[in-house]
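Read through the structure below, which is laid out as structure tokens, and then see the notes.
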Protein chains: 2
Amino acid sequence: MKSKKRTTIYDIAEKLNIAASSVSRALSNSNHVNEATKKLVLKTAAELNYKRNTLASNLRKGKSKTIGVVVPFINQNFFSNVIAGIEEASYQKGYNLIICQSNELQSKEVKCVNTLINQHVDCIVISLAVDSSDHSHLQNAMDNGIELIQFDRVADELETLKVINDNEQASFEAVSHMIEQGYKRIALLEGPQNLQIFRQRKAGYLNALIRHEMPVLDELIIENAWTKELGANATRKLLNLPNPPDAIFASTSDFSALGVLEVASVMGIKVPSALGICGYSNEAFTEITSPSITTIDQFSVYMGKTVANLYFQEMENKDETEVVPKIISIKPKLIVRSSTQKRGV
Amino acid sequence: MKSKKRTTIYDIAEKLNIAASSVSRALSNSNHVNEATKKLVLKTAAELNYKRNTLASNLRKGKSKTIGVVVPFINQNFFSNVIAGIEEASYQKGYNLIICQSNELQSKEVKCVNTLINQHVDCIVISLAVDSSDHSHLQNAMDNGIELIQFDRVADELETLKVINDNEQASFEAVSHMIEQGYKRIALLEGPQNLQIFRQRKAGYLNALIRHEMPVLDELIIENAWTKELGANATRKLLNLPNPPDAIFASTSDFSALGVLEVASVMGIKVPSALGICGYSNEAFTEITSPSITTIDQFSVYMGKTVANLYFQEMENKDETEVVPKIISIKPKLIVRSSTQKRGV
DNA sequence: TAAATATCCGCAATCGATTGCAGATTAAAA
DNA sequence: TTTTAATCTGCAATCGATTGCGGATATTTA
């Protein structure tokens, strides 16, 4: 059973006593082949359980109908949703997906990208690892004729197609909402500032404060608080300040916000009356904590579909004069829940 | 920049005035090539930014170093974790992953498998769609020399490698635990019985009742309650019985258990004192509901690693006489949390 | 009926890397 | 110095599908 030889177009050709090229044309439904032979070939192919060897086909045609995806972790909600979206759109176009995870490591990211180049993927879709600084591996992919699309965590300086969230706007809205709810001292848990998304979220926070003529207090801005544990640590530190915050915007993730909630709960601090909490991402669990957590929905599945469709559109128009690096920005949505409803609805 | 011609071994050969075969040997680190030329080739390859064309290599060698994965949904926690595990183990061995989702549809599952056959993947890893009944597409893959590994949702009659959970045992333990906590009327939310995993979970439930000399009450067994909504519906029905259950085992999923919890909460029924709840899968959220939900951990990432390593082991031994279809059973772990602690710890 | 066109079909090259085989060169043994 | 063995290298075939080109046949037009 194992590694039995598969039937090729030559087997079909031999059986029907015609040339392999005719078989090929029949199978690819070319119109340079007689309708009768076409039928015959198709019938014989089915009988012999013929499966086209995509490798050979791709080698000859110089394209693989494959999209490579590189994300930090496959099993993080946001990324698995984006991938699901990409898969859905790609499947309809007959494209395959090769998935890699960078584990947030630049070194592994580079290896993944190189593998994908070797695999002759037509397109690489990537969301950068947190410690990604040098981007020559991406330039390299482009130099090898691979379309590159960045999403969410993008390197601004690279001129590629991009699909991003309007992080600054979303952040601005979230903080404005908290201000309107009457919170006066809003702390920020920020992510690694080498990533643009976290810089943008910080900018939105700062803008909101300034717009509402509120002071920016450095002691309320905590760096690198982007996991549940780091969020919890940051919260302990914040709540033990002589003049603690009355709200915390966990701009990094909902996990971080969860850490905040747990610490508040342990310290007996009432949410949302004594402490407002806002997360980021709209993870499934934010709906079922008590109180439920206000957060920001990124439309991750839709984002994935957008990425894939952007590629397909680009392919259709690629013969046109000049391709302008396109950036699609998806507007995230603030989901107001209990954790910030100080003054009710 | 686009679709520029890539450097091949012929380019290197030409530049160095040697044969392409020597370049190939140098690049694959064969010992049938002079150390000096090897160095030279490697150097030149780097200079010309050479990338091996894996398609051509695979075509020639007749293997693709690629594993195809088919799951119902990529973005379901359990599956994305398994995939992450597979990726981790595969990456170390230099294997790539092609990911497909069947969307729980047999028809799409068939297409996915066929695509993977065309792609000449070396191995297909699959967890069946819920409506998967006919399995000729899988047999087909095997007939084409592809190693097949089923995990979690497996077709028993197909003689393949399998990695499964001991669902019956886990189920048995969960129900026994509830009995020991003093629950007397334990309902079962069961999943589609065409899937073995759900049959096994039901069997474990029944065994536990029998072993503890408790009656099996048909009115407490609800079919097809495997989503949050269906779980909620089932719960409403159960709790409105003249003689309602005092515990519900949502054997299908934690989502189903969440539906139970929400209905109980709305109806003002105290958990765990008036109603015990147990889920299945140890989704992240089960830890943070109030009360937290007792559930069963399936070690999903580990399961993925096990699947991949099973394949690699099999490859190493494949020349040995006869390969016995191996089945690896992973023992899940009951995670006791508040929702079933009627009599405390 | 002859000429012009359309429709099919097959030959052979091609995509890029690998590998068995044979010849060439060098090193070791007699 | 000659024979034998070891080490390199190149030639050419191969993996399976695709495609430009030219020839053969069928169809249409003059």
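Output the residues belonging to the stretch B:60-78 that are aromatic (Phe, Trp, Tyr) and within 9 Å of chain A (Cβ to nearest Cβ). I'd like the intermediate steps shown before the answer.
In the first step, residues of the stretch B:60-78 are kept if they are aromatic (Phe, Trp, Tyr); the result is B:73, B:78.
B:PHE73, the sole residue that qualifies.
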(message) I'd like the full set of residues that are in contact with a helix residue (DSSP H, G or I) (Cβ under 9 Å, 6 or more places away or on another chain), open to solvent by 60 Å² or more (accessible area, probe 1.4 Å) and near DNA strand D (Cβ under 8 Å from one of its atoms), limited to the stretch A:47-78.
(response) A:ARG52, A:LEU59
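Could you grab me the full set of residues in the stretch A:27-39 that are over 17 Å from A:LYS61 (Cα atoms) and touching a helix residue (DSSP H, G or I) at 6+ places or on another chain (Cβ under 8 Å)? Before the answer, list the steps.
Residues of the stretch A:27-39 that are over 17 Å from A:LYS61 (Cα atoms), as a first pass: A:31-39.
Passing the criteria: A:HIS32, A:VAL33, A:THR37, A:LYS38.
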(request) Examine the stretch B:12-31 for a residue that is within 43 Å of the chain's Cα centre (by Cα) and away from DNA strand D (no atom under 13 Å from the Cβ), and state whether such a residue exists. (result) no
(request) Could you tell me which residue of the stretch A:1-20 is nearest to the other protein chains (Cβ to nearest Cβ), considering only residues that are near DNA strand C (Cβ under 9 Å from one of its atoms) and surrounded by 11 or more Cβ atoms within 10 Å (Cβ to Cβ)? (result) A:ALA20
(request) Looking at (1) under 24 Å from B:THR306 (Cα atoms); (2) modelled with pLDDT of 95 or more; (3) not in a strand (DSSP E or B), find the lone condition where B:VAL175 falls short. (result) (1)
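Yes/no per residue for (1) more than 9 Å from DNA strand C (Cβ to nearest atom); (2) touching a residue at least 12 places away in the same chain (Cβ under 8 Å):
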residue: B:SER22; (1), (2): no, yes
residue: B:ASN34; (1), (2): yes, no
residue: B:THR37; (1), (2): yes, yes
residue: B:ALA45; (1), (2): yes, yes
residue: B:ARG52; (1), (2): no, yes
(request) Would you mind telling me which numbered condition in (1) at pLDDT 95 or above; (2) more than 10 Å from chain B (Cβ to nearest Cβ) A:THR37 fails? (result) (1)
(message) Among the residues that make up the stretch A:79-95, is at least one of them at pLDDT 95 or above, within 12 Å of DNA strand D (Cβ to nearest atom), open to solvent by less than 50 Å² (accessible area, probe 1.4 Å) and within 14 Å of another protein chain (Cβ to nearest Cβ)?
(response) no
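Within the stretch A:116-129, can one find any residue that is of a type outside the set (D, E, K, R), surrounded by fewer than 21 Cβ atoms within 10 Å (Cβ to Cβ) and within 19 Å of the chain's Cα centre (by Cα)? Can you show your working first?
Start the filter on the stretch A:116-129 by keeping residues that are of a type outside the set (D, E, K, R), which leaves A:116-121, A:123-129.
Keeping just the survivors that are surrounded by fewer than 21 Cβ atoms within 10 Å (Cβ to Cβ) gives A:118.
Imposing the further condition that a residue be within 19 Å of the chain's Cα centre (by Cα) reduces the set to none.
No, the stretch A:116-129 contains no residue that is of a type outside the set (D, E, K, R), surrounded by fewer than 21 Cβ atoms within 10 Å (Cβ to Cβ) and within 19 Å of the chain's Cα centre (by Cα).
I'm checking my understanding of the structure. Among residues of the stretch A:264-278 that are closer than 17 Å to A:THR340 by Cβ and without any contact (Cβ under 8 Å) to a residue 40 or more places away in the chain, which one is most open to solvent (accessible area, probe 1.4 Å)?
At the first step, the residues of the stretch A:264-278 found to be closer than 17 Å to A:THR340 by Cβ are A:264-265, A:269-278.
In the following step, the residues that additionally are without any contact (Cβ under 8 Å) to a residue 40 or more places away in the chain were identified as A:264-265, A:269-270, A:274-275.
Values: A:ALA264: 0, A:SER265: 85, A:ILE269: 47, A:LYS270: 139, A:ALA274: 51, A:LEU275: 0 Å².
Going through the qualifying residues, I end up with A:LYS270.
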(request) Exactly one condition in (1) at pLDDT below 90; (2) of a type in the set (Phe, Trp, Tyr); (3) in the same structural domain as B:VAL82 (by TED's automatic domain parsing) is not met by B:TYR311; state its number. (result) (1)
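Please determine, by comparing only the residues of the stretch A:106-155 that are polar (S, T, N, Q) and within 29 Å of A:SER253 (Cα to Cα), which one is farthest from the other protein chains (Cβ to nearest Cβ). Please lay out each step first, then the result.
First, the residues of the stretch A:106-155 that are polar (S, T, N, Q): A:106-107, A:114-115, A:118-119, A:127, A:132-133, A:136, A:139-140, A:144, A:150.
Right, trim to within 29 Å of A:SER253 (Cα to Cα) and you get A:106-107, A:127, A:132-133, A:136, A:150.
Values: A:GLN106: 15, A:SER107: 12, A:SER127: 15, A:SER132: 18, A:SER133: 21, A:SER136: 11, A:GLN150: 16 Å.
The qualifying residue farthest from the other protein chains (Cβ to nearest Cβ) is A:SER133.
The values are calculated or read from the model by the stated rules, or taken from the named source; none is laboratory data. A quick note: this is a predicted structure, and the numbers were derived from the prediction, not measured. Note: ideal-geometry Cβ built from the backbone for every residue, glycine included; neighbour counts use all protein chains shown. Ligands, DNA and RNA are stripped out before the accessible areas are found, and what is left, the full protein with its side chains, is counted by its heavy atoms. Shrake-Rupley method; radii C 1.70, N 1.55, O 1.52, S 1.80 Å.
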